[in-house]
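The values are calculated or read from the model by the stated rules, or taken from the named source; none is laboratory data. Not measured: the values here are computed from a predicted model. Heads up, the Cβs are rebuilt from the backbone with ideal geometry, glycines too, and the neighbour counts pull from every protein chain shown. Just so you know, the surface numbers come from the protein's heavy atoms only, side chains and all, with ligands and any DNA or RNA stripped out. Shrake-Rupley method; radii C 1.70, N 1.55, O 1.52, S 1.80 Å.
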Amino acid sequence: EAPKKRNRAITARRQHLKSVMLQIAATELEKDKSRREAEKQNYLAEHCPPLHIPGSMSEVQELCKQLHAKIDAAEEEKYDMEVKVQKSSKELEDMNQKLFDLRGKFKRPPLRRVRMSADAMLKALLGSKHKVCMDLRANLKQVKKEDTEKERDLRDVGDWRKNIEEKSGMEGRKKMFETES
């Protein structure tokens, strides 16, 4: 029953921690929302000054003329940027078409695996300048083997078939005993 109590305590602790984390997250969301609202208000105050509607008709007409002038300037800027974008996209399409045409003209041959020695590769790369020999076996020293005693015995014994024929029969066994002693 002790492990069950322990599991219950762990589960209760987890639930408590989860609720605390949710509360902290909720307060953070509220802070973030209020911060965003403040940023929005600051941006609007900076970029969109409050509209002062004048009392006389001539002043209202003057204000409308100013607003129309600003709208026209913004529209011209928008049109210029659209034209630049269209020109750039057209250039891009033309370049892609040229690239596609160039790729189509040249058929790439299938490459085959070529077996080539290191010397042949160096000759192909360096041409007549190639002086270094890559044949590593040619540069090795030749070492004369010393005959070991076993090898000498094997050489002296000779062909194993002759030995078998010599040792076959009673005479061969007699010779074996004579040579051993």
Quick one: how many Å² of THR27 are accessible to a 1.4 Å probe, rounded to 10?
70
On the protein heavy atoms, probe 1.4 angstrom, tell me the percent of accessible surface of the stretch 54-105 carried by carbon and sulfur.
58
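Of the heavy-atom accessible surface of the stretch 3-48 (probe 1.4 angstrom), what whole percent is carbon and sulfur?
Working: 2660 of 4650 Å².
For the stretch 3-48, the apolar C and S fraction of the accessible surface comes to 57 percent.
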Per residue, how much accessible area does the stretch 51-126 have with a 1.4 Å probe, in Å²?
104
Rounded to the nearest 10 Å², the accessible area of ASP72 using a 1.4 Å probe with every protein chain kept is 90
If you average the alpha carbon positions of the stretch 66-87 and of the stretch 88-105, how far apart do those two centres end up, in angstrom?
30
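Residue separation times 0.36 nm, minus the C-alpha to C-alpha distance between SER117 and SER56: what's the value? Write out the running numbers ahead of the final one.
Details: separation 61, 0.36 × 61 = 21.96 nm, distance 9.81 nm.
Here the answer is 12.1 nm.
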Ordered by number, the trypsin sites (Lys or Arg not before Pro) in the stretch 15-113 that occupy a DSSP loop and have at most 13 other Cβ atoms within 10 Å are LYS107, ARG112, ARG113
Provide the solvent-accessible area of LEU51, counting protein heavy atoms only and rolling a 1.4 Å probe, rounded to the nearest 10 Å².
120
